[in-house]
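Q: Next up is a structure, given as structure tokens.
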Amino acid sequence: MAQQLILDLHPAPPPSLENFVAGRNAAALDALRQCERGRAIYLWGPHGVGRSHLLHAVCAAHDGHYHAADAPAGALHDIATADSLDVRLVAVDDVQDLDAEGQAALFTLYNRWRESAATRHAFTLVLAGDRSPLAMDVREDLRTRLGWDLVFRLEQLTDEERAQALCSRAAQRGLDLSPDVLSWLLTHHDRDMSRLTALVDALDRYSLARHRAITLPLLKDLLASSQP
């Protein structure tokens, strides 16, 4: 029980627009901060560029509804066909993974978004996928709708930007990553920022549980202990 309490001392900070390191994605971040009613924003890029982070963050910032691709399509259909929409923003993640029923529900939601865009019932639609609208493997009438309004390609962070993101995540947890630990993370581990930040969180918990300072040997011990 005591060890569990130690591990829970520093929960990972939730995704927010403030703790997203924009890099070359400043225009997309600015659009999400403004998020005017009646706008649709489509974000695309490979795994690890922060699509899900941004969708969770924009929902938190604007009291929105987040819909994952593997969630029941009926929930999205209910939002699209409700008599009144009680949220100002709807976010749909991983559009490329929607099944036929989910694509149909999103098509209906897009139509409702367009019909209400110039009225007092307007809402913001934010979507994310791994490909550009024209390259998306979805039904044709939905593919064209993905490009109706704002479209942003999310770019991978440079090594300097990744270092900044890791230091920021560490600072949020009250940590100071030494240069050798930071250098090792950037040169020997996954470039996916979600996995890198998860490793920083795990390293924090591991150091607390072992009552040891965060050093390169401790990081290597953590990685060795997680191997099958």
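Q: Taking the range 149-158 as the search range and keeping residues that are assigned to a strand (DSSP E or B) and not basic (Lys, Arg), which one is farthest from THR215 (Cα to Cα)?
A: So the first thing to find is which residues in the range 149-158 are assigned to a strand (DSSP E or B), and the list is 150-153.
When the remaining residues are screened for being not basic (Lys, Arg), the result is 150-152.
Values: LEU150: 44, VAL151: 42, PHE152: 39 Å.
Among those residues, the one meeting the criterion is LEU150.
Q: State whether the residues of the range 130-139 include one that is surrounded by fewer than 19 Cβ atoms within 10 Å (Cβ to Cβ), more than 19 Å from the chain's Cα centre (by Cα), assigned to a helix (DSSP H, G or I) and of a type in the set (Asp, Glu).
A: no
Q: Now, a different point. What do you reckon, is GLU140 at pLDDT 95 or above, among the charged types (D, E, K, R) and either touching a helix residue (DSSP H, G or I) at 6+ places or on another chain (Cβ under 6 Å) or not assigned by TED's automatic domain parsing to the domain that holds ALA28 (or both)?
A: Numbers: at pLDDT 95 or above: yes; among the charged types (D, E, K, R): yes; either touching a helix residue (DSSP H, G or I) at 6+ places or on another chain (Cβ under 6 Å) or not assigned by TED's automatic domain parsing to the domain that holds ALA28 (or both): no.
So GLU140 does not fit the description; no.
Q: So, one more: Take HIS189 and tell me if it is within 23 Å of ALA75 (Cβ to Cβ) and loosely packed, with under 15 Cβ neighbours inside 10 Å.
A: no
Q: Next question, about the same structure. Out of the residues in the range 143-162 meeting the condition of being modelled with pLDDT of 90 or more and touching a Leu at 6+ places or on another chain (Cβ under 6 Å), tell me which one is nearest to VAL87 (Cα to Cα).
A: Just the residues of the range 143-162 that are modelled with pLDDT of 90 or more, to begin with: 143-155.
Within this subset, residues satisfying the condition of being touching a Leu at 6+ places or on another chain (Cβ under 6 Å) are 152, 154.
Details: PHE152: 23, LEU154: 26 Å.
Filtering first and then ranking leaves PHE152.
Q: Go through the range 166-196 and report how many residues are among the hydrophobic types (A, V, I, L, M, F, W, C) and modelled with pLDDT under 85. First the steps, then the outcome.
A: First pass over the range 166-196, keeping only residues among the hydrophobic types (A, V, I, L, M, F, W, C): 166-167, 170-171, 175, 177, 181-182, 184-186, 193, 196.
After this cut, where a residue has to be modelled with pLDDT under 85 as well, the list is 193, 196.
Selection size over the range 166-196: 2.
Q: When you look at THR119, is it under 30 Å from ALA40 (Cα atoms), modelled with pLDDT of 90 or more and in contact with a Cys (Cβ under 9 Å, 6 or more places away or on another chain), yes or no?
A: Values: under 30 Å from ALA40 (Cα atoms): yes; modelled with pLDDT of 90 or more: yes; in contact with a Cys (Cβ under 9 Å, 6 or more places away or on another chain): no.
Here the answer is no, as THR119 does not meet what is asked.
The values are calculated or read from the model by the stated rules, or taken from the named source; none is laboratory data. Everything numeric in this text was worked out from a predicted model, so none of it was measured. Using ideal geometry, Cβ is built from the backbone for each residue, glycine included, and neighbour counts are taken over all protein chains shown.
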